[in-house]
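Worksheet: one structure, shown below.
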Amino acid sequence: LPEDTNTLDKNDPLYGDLLVAISIYWRNRGDLERAQKYADEAVVAISRMYGENSSRIITALNTRATILHFRGDNEGSVELLKRALVTLRAAYGETPNSARLEQNTGAILAEMGRVDEAIPYLERAVSIASKSMSPDAHTLGFFRAQLGWTLLLKKRYDEAEVLLRLALRTYELGKAKGQPEVRALLACIALERDHNSTVRGEIAAVVEEL
């Protein structure tokens, strides 16, 4: 990596992309302040060269959003993700990448307590992933589990159970991690429906597995 980005050619078509790569480099090394500096510069550079609505800006917006989330600015992160989603949908329609952006947006909104707002994003993520990913893809299982958990928060138990069982099946097909957590959520639904000792015993067994 260059010691001083001022030595770079700011008219180079790849200048903004290089700034994104430098931002990710520092983010992965835990220097979030420096990572945000380069992400901010990348957004400005790409906007200047290609326009604010160019598809080239999507990665820069997503990178900046991730850093803001890590730094605790969830509101700022969500706004950037929404902007990236609008641009991505306009340029490419529904793709696995748009599913990930939908998922990230919904997950942060749910974390913020804005569950009703989060659910449509998570539903779109699952819908897109179900059509574009392998049935045993860990990512698909994770998306389903996230939506199931969010529906559980709204006490929409029947819908949550369907999603969680689909997630469990996806994890089993792919021999992936995440099964104990999903079983724990299913046990919580069972407990809400039936408070008898048998269900409590099943929950205890799931807890031991975690």
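The values are calculated or read from the model by the stated rules, or taken from the named source; none is laboratory data. The shown structure was predicted, so the numbers you read here are calculated from the model rather than taken from an experiment. Cβ: placed from backbone, ideal geometry, glycine included. Neighbour counts: every protein chain shown. The area values use the complete protein model at the heavy-atom level, side chains included, leaving out ligands, DNA and RNA. Shrake-Rupley method; radii C 1.70, N 1.55, O 1.52, S 1.80 Å.
Data for the structure
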{"read-out": "Members of segment 1-30 that are open to solvent by 30 Å² or more (accessible area, probe 1.4 Å), outside any loop (DSSP other than H, G, I, E, B) and hydrophobic (A, V, I, L, M, F, W, C)", "value": "18, 21, 24, 26"}
{"read-out": "Enumeration of residues in segment 31-57 that are in a loop (DSSP other than H, G, I, E, B), open to solvent by less than 60 Å² (accessible area, probe 1.4 Å) and not polar (S, T, N, Q)", "value": "31, 51"}
{"read-out": "Matching residues, segment 58-90, being of a type in the set (Ser, Thr, Tyr) and within 20 Å of residue 37 (Cβ to Cβ)", "value": "59, 63, 66, 77"}
{"read-out": "Flag if residue 176 is open to solvent by less than 30 Å² (accessible area, probe 1.4 Å) and in a helix (DSSP H, G or I)", "value": "no"}
{"read-out": "Helices (runs of 4 or more DSSP H) fully within segment 71-165 counting 3 or more residues that are open to solvent by 80 Å² or more (accessible area, probe 1.4 Å) and more than 24 Å from residue 187 (Cβ to Cβ)", "value": "74-92, 115-132"}
{"read-out": "Sole exception among (1) farther than 25 Å from residue 69 by Cβ; (2) open to solvent by 60 Å² or more (accessible area, probe 1.4 Å); (3) part of a helix (DSSP H, G or I); (4) in contact (Cβ under 8 Å) with a residue 12 or more places away in the chain for residue 191, by number", "value": "(2)"}
{"read-out": "Failed condition for residue 65, given (1) under 23 Å from residue 151 (Cα atoms); (2) open to solvent by less than 50 Å² (accessible area, probe 1.4 Å); (3) free of Cβ contacts under 8 Å to residues at least 40 places away in the same chain", "value": "(1)"}
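Yes or no, residue by residue, for (1) within 15 Å of the chain's Cα centre (by Cα); (2) at pLDDT 95 or above:
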site: 116; (1), (2): no, yes
site: 138; (1), (2): yes, no
site: 148; (1), (2): yes, yes
site: 196; (1), (2): no, no
site: 202; (1), (2): no, no
